[in-house]
1. Which of the numbered conditions does Asn13 fail, given that it passes all the others? Conditions: (1) assigned to a loop (DSSP other than H, G, I, E, B); (2) on the phi < 0 side of the Ramachandran plot.
2. Are any residues in the range 34-77 at pLDDT 85 or above and in contact with a Leu (Cβ under 7 Å, 6 or more places away or on another chain), and if so, which ones?
3. Considering only the range 23-65, state which residues are over 17 Å from Leu77 (Cβ atoms), of a type in the set (A, V, I, L, M, F, W, C) and surrounded by 10 or more Cβ atoms within 10 Å (Cβ to Cβ).
4. In the range 32-47, what residues are more than 13 Å from Val12 (Cα to Cα) and either aliphatic (A, V, I, L, M) or in contact with a helix residue (DSSP H, G or I) (Cβ under 9 Å, 6 or more places away or on another chain) (or both)?
Amino acid sequence: MFSDAGFIEGGVNGEIYPEYNITNLKLPYITLRSFPQNTRNCYTLRPKQGKNNTYLIRVTCYYGNYDSKYQPPQFDL
């Protein structure tokens, strides 16, 4: 199972609903971490190259109705 445990301490692990798990969906989109506490949650990244470098960070999200609300969440990235 894909895990982001080394980058964040909070949140709840889970999986998307089976009906949203289409056959060509890759593993990182099946597993998820949600933050039902409604508090700020930050990931900590520690690249091997260290500070004072330029990095491209790409975020891809797939909702999958994990919370049965049929409302995709909003993000502040």
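The values are calculated or read from the model by the stated rules, or taken from the named source; none is laboratory data. Because the structure is predicted, anything quoted here is derived from the model rather than measured. So basically every Cβ, Gly included, is an ideal-geometry build from the backbone, and we count neighbours across all protein chains shown.
1. (1)
2. none
3. Leu25, Ile30
4. Result: Leu45, single match.
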